[in-house]
Structures are given as structure tokens and as C-alpha cells.
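Notes follow the structure.
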Amino acid sequence: MDMNKILITLITLLSFTGTLAAKEIKVGIILGFTGPIESLTPDMASGAELAFSEASASGELLGGSTLDVMRVDSTCVDSAAATSAAEGLVAYGVVAIMGADCSGVTGAVATNVAVPNGITLISPSATSPGLTTLEDKGLFFRTAPSDARGGQILADITKDKGISSIAITYVNSDYGLGLADVYKAAVEAHGITVTAMESHESDRADYSADVGVLSSAGGDALAVLGYLDNAGGHIIEGSLDSGAFDTFVLSDGMIGDALTDRFGTDLDNSFGSMPGSLGEGAQIFKSVAEAGGINPSVYVGESYDAAALIVLAMQAGNSSDKASIAKNVMSVANAPGEKIFAGELAKGLKLLASGTAIDYQGATDVTFTEVGEAEGAFIEKGISSGSWTDVAQR
């Protein structure tokens, strides 16, 4: 056989091998599509699916492989339902999961499903400090920072706003209790008097008793550390109707357009904070998301980043094997390497295929601590003329 025929044969074999290597890879999304943050999760899911679609369409993922994405409902508050939904993802054959959202269900999914099955779980929004020490065998990551820092940031903003006394109500969950403990200690360290610290349940029909207790305690403002689509919104409504409070300090679970759409200019004295950045990566992501018809709102950038890290970890290990994904998340998330922003997944995948290291920045300037959670920046949020505004990065 002459050399030309040998070359043609080799090219044919290589092409055939490449075709065989391409496959459909199953990944999951678990978010609370029902429950107390249901107004936020559709955009979060779309953000994650944007990253998955970008990787699939690039032709660069593992020899032209594509992603088959399955959504399931965490409910945000029902750990048994979330565990069952996640088990459905395992039965479907997913190799990694983007989610969950609220801290309690995220811990349940990690402990009962992800860890026993060796599946990487990357949450965009679970912020409880308790998750930092989760026995996760290197499988759990989060692109949102812990409330151990978030509570301090919210307290700093409270001080800067001149609040001298405050009542606190928090949702009775891992998220609410963890954040409330940090926030209370931080505001008191600033010399602010805490007049009351009361928990509330997320699913009662009537919150007038809660409002009455908080009203009796008084204060310059009411801190509502909960969820906007459920109890938190009802407590604000009762407080406004009774005249108990007109200034509210709002945690990240309370920040969303559904709240300002509901109360409008009645909230113009209120403020809060949420994980996020106003830097270069955030501005790039805003353009990428809006071009895809997605509202780059609360935790949408973190959702995009969680999904992006999954596909980049696949490429870094040259495998969709579950163990390989988990092993490579940290290497693509942190320096050293070439910086990769939102909309640049094809570039990142191509660099990794050539053996070049990347430092994924994404939408939220991703950098992980040694336990795999975002160091994180925060955005101070205000409300002006009934609409949310970005005040400053903290």
C-alpha cells in the first residue's frame, strides 16, 4: 500500500473514532419550581440551561458530545420530596447535578443522593454556613458564598443606613437560622439594638400573630430573612397594612421582581444584599443572558456558572465519568490558567482539549475556597420608585 492510501486510511479511522466518541451525556437540574422561591427558579434554570446549550452547540465537548438536561422540582422546603426528585435524576442516568437551591433541601440531596451515588452536585444558591462542613467526599460545591459572610455584609449595610434598632424575623429552616445567627451577632457588634428575634414558618395561612409580636418589639426597621413568595412577603404585607414598619432589611431570598411588583414604592426605604458582582464578568454575562432572552436576575449568573463548571470539569478530565467530573471542578474554577468568561465556553473547552489550563471567571468571578464554595462578592440592593437598584459591590 502506498503512503497516500495509508494516510487516507488513517484519516478515515480517526474520523470514525471521533464519531464514536461523541455521545449524549445526561445532566440534571434540581430547583424549587414550586414553593417559596418559585418566582426566581425559572430564570435560574434558564441560566444553567444556557451554559449547557452553549457547550453542546460548540462541538468542542468531548469529541462533539451533547448534553441531555432533565429538570426536577426540589420544592425548596420539602427534603423528602427533593430527595425523591433527585433519586429520579439518578435513575435517569445523570452524571452531575446543578442544584439544589435552598439550603435544607440541598443538604438532603447531597447527603442522601449525590454522595452515595458519587455524583457531583453544584448549588447556585444554598448559603447556609452549615454546608461548609458537610461530609461530601469532595462532591458538593456551591457558586454562592456562605451566609457566614453574607450576614456580616447585610449587617454592615444596616449600620451604614443609620439603623439603630431592629427587629428580626427569619424562616425556620437551615437557611434562615444560619443567616439570622450571623446577622444578629454582626449588628450587635455594630452597636445596633436587636428588639426581637423571631422565627416564622413558611407555610401558614395567617401571619398576623407574627406581625403583632414584631410590632410590639418595635425598631427602626424589620429584617426579613426568608423567602419572597411565601411567609416573607406576607409578613411585609401585614407590617405595611398595620403601620408596624415601613423599612425592611431584606436577605437574598427576599430579593426578586415579584416583591417590588407586589409592593411598589411602599418599599422605597428598604434595602438588602445578595451574592453577585458588578465587575467585568457580570457585565459580560448580562449581555449574553439578555441575548438569549433570559433575565439575569437573582442567582441566574451563579446557575450559569454551576452548569459551566460541570461541562468544563468533564473536558478537563477528558471524560463524563462521575468521579472524573468531581476531581476536576476545582482545577477549572481557580487559577492558574487563561481566564474564561460567560459566552466563552467553546474557547474554554478547546483550550482544555489542547492541554491548556483555564481559570473560569464566568458571571460571578468564580474562585473557590479549599472546601469548594465561592469566596464571593455581594451586591448592595436598594429600591427606588418601586424597582430594585444596584447600589454598590461589597
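Among DSSP beta bridges whose residues both lie in the chain, state the antiparallel percentage, nearest 5. Of all bridge pairs located within the chain, approximately 25 percent are antiparallel. Counting pairwise Cα distances across the stretch 218-273, what percent come out greater than 16 angstrom? Roughly 29 percent, once rounded to a whole number.
When 1/r is averaged over all different Cα pairs and the result inverted, which Kirkwood radius in Å belongs to the stretch 247-392?
The Cα-based Kirkwood calculation yields 16.4 Å.
Taking only Cα atoms, what is the 0 to 90° angle, nearest 10, from helix 41-58's long axis to the longest principal axis of the chain? The angle comes out near 20 degrees. Computed log10 I(q)/I(0) for the stretch 143-299 at 0.12 Å⁻¹: -0.51, from the Debye equation with unit scatterers placed on every C-alpha and solvent omitted. The alpha-carbon atoms of the stretch 121-182, seen along their principal axes, cover 44, 22, 16 angstrom, with the largest extent given first. If the segment from Asn117 to Ser199 were pulled out straight at 0.36 nm per residue, it would be longer than the present Cα-Cα gap by 26.0 nm. When the charge dipole of the chain is built from unit charges on Cβ atoms (+1 for Lys and Arg, -1 for Asp and Glu) and taken about the Cα centre, the candidate among Ala108, Gly281, Thr158 whose Cα reaches farthest toward its positive end is Gly281. Using 0.36 nm per residue and subtracting the Cα-Cα separation, the extra length available between Lys23 and Thr356 on full extension is 117.5 nm. Beyond 24 Å in Cα-Cα separation lie the following of the pairs Lys137/Lys339; Lys26/Lys350; Lys137/Lys347; Lys26/Lys327; Lys286/Lys347: Lys137/Lys339; Lys137/Lys347.
Taking Cα atoms only, the orientation of helix 280-291 departs from the longest principal axis of the chain by about 80 degrees. Recomputing Cα extents along the principal axes in Å from the coordinates shown identifies the correct label among [x] 94, 39, 34; [y] 65, 58, 48; [z] 72, 51, 37 as [x].
Principal-axis analysis of the Cα atoms of the chain puts helix 174-189 at an angle of about 60° to the longest axis. Basic side chains Lys and Arg get +1 at the Cβ, acidic Asp and Glu get -1 at the Cβ, and with that the dipole of the chain about its Cα centre reaches some 1300 debye. On the beta carbon distance between Ala189 and Ser387, with R0 = 35 Å, the FRET formula returns roughly 0.60.
When the Kirkwood radius is taken over all Cα pairs of the stretch 79-229, what Stokes-Einstein diffusion coefficient follows at 25 °C and 0.890 mPa s, in µm²/s? Working shown, then result.
Working: Rh = 16.7 Å.
Reported coefficient: 147 µm²/s.
Using alpha carbons only, how many angstrom separate the centre of the stretch 77-97 from the centre of the stretch 331-394? About 27 Å separates the Cα centre of the stretch 77-97 from the one of the stretch 331-394.
Using 1/(1 + (r/R0)^6) with R0 = 35 angstrom and r between the beta carbons of Leu240 and Ala323, what's the FRET efficiency to the nearest 0.05? FRET efficiency, Leu240 to Ala323: 0.10. Over the stretch 53-96, the fraction of Cα-Cα pairs per 10 Å bin, rounded to whole percents and listed from the shortest bin up, is 26, 37, 25, 12.
All of the numbers you see were taken from the coordinates with simple rules; none came from a lab. None of these values were measured; they are calculated from a predicted model. Quick reminder, even Gly has a Cβ in these numbers, built from the backbone with ideal geometry, and neighbours come from all protein chains shown.
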